[in-house]
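Take a look at the structure below.
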């Protein structure tokens, strides 16, 4: 349901039976930020002031407006549809192992082509009025593929021997198939990226091609989400390992909110490119 007004919520059913209450998420992520607390139903009218604000900025540059359809698409992506449906479709169509089954079983073959095009158009439109600031993206659960990194197989753990992998043109990096959610708050990404065994954080230095400021349209405005469109090429400019460091010294976080992260985190410096 893209516009959960009180009247529409009263019509919700599951297997033909009325729902007593709005479904509550239980698979939460500790530490603050996206997924740290259940979403609450919010009608589209709640986001009209934010849409009016960005449309005024777009109009000042002579650019088309963020349409109601674009607002709906962004809301769907930032909600549970992004992770559970759209990313599955994109990864399956990109030939990534294991996602074809999800496309058939979870998506029932639906690739959401029109919705994904609308999401991409909305993100690229909002990016034109965004600030050029560094952002971070935490990725939990494993290292990137060899198109991003190559390291000495003799090493049993991440260490200073980590090297970047160059292709025949001297370019290193890879394409992020899905829309990439980031934050200008480093602590949010460090907590997310270290929620599994291997902590990985992308530090993205934006230039002319910036991410879209989508936080005002999401369920977690406190993380000030920045979104890059699907199929953004992330060019690696450096790789480093940080150990036992203070988080929040480079993003303007007040000193009382900074904290010391104990352990190692792999930082990958990238520059984004998209059409």
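The values are calculated or read from the model by the stated rules, or taken from the named source; none is laboratory data. Every value quoted in this text rests on a predicted model; they were computed, and no experiment measured them. Neighbour counts run over all protein chains shown; Cβ positions are idealised from the backbone, glycine included.
Tabulated results
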read-out: Residue in the range 184-191 that is under 15 Å from the mean Cα position of the chain (by Cα), part of a strand (DSSP E or B) and under 15 Å from residue 267 (Cα atoms) present; value: no
read-out: Residue within the range 102-112 that is out of contact with any strand residue (DSSP E or B) (no Cβ under 9 Å at 6 or more places or on another chain), closer than 21 Å to residue 126 by Cα and part of a helix (DSSP H, G or I) present; value: no
read-out: Matching residues in the range 56-85 - criterion: being over 15 Å from residue 2 (Cα atoms) and either in contact with a strand residue (DSSP E or B) (Cβ under 7 Å, 6 or more places away or on another chain) or in contact (Cβ under 8 Å) with a residue 40 or more places away in the chain (or both); value: 57, 58, 61, 63, 64, 66
read-out: Filter result for the condition that a residue is at pLDDT below 95 and surrounded by 11 or more Cβ atoms within 10 Å (Cβ to Cβ), over 42, 17, 51; value: 42
read-out: Residue among 181, 207, 238 that alone is surrounded by fewer than 21 Cβ atoms within 10 Å (Cβ to Cβ), in contact (Cβ under 8 Å) with a residue 12 or more places away in the chain and in a strand (DSSP E or B); value: 238
read-out: Identity of the residue in the range 222-235, touching a helix residue (DSSP H, G or I) at 6+ places or on another chain (Cβ under 9 Å) and buried (at least 21 other Cβ atoms within 10 Å of the Cβ), that ends up nearest to residue 94 (Cα to Cα); value: 230
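Yes/no per residue for (1) modelled with pLDDT under 95; (2) closer than 15 Å to residue 177 by Cα; (3) surrounded by 11 or more Cβ atoms within 10 Å (Cβ to Cβ):
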residue: 108; (1), (2), (3): yes, no, no
residue: 123; (1), (2), (3): no, yes, yes
residue: 138; (1), (2), (3): yes, no, yes
residue: 154; (1), (2), (3): yes, no, no
residue: 162; (1), (2), (3): yes, no, yes
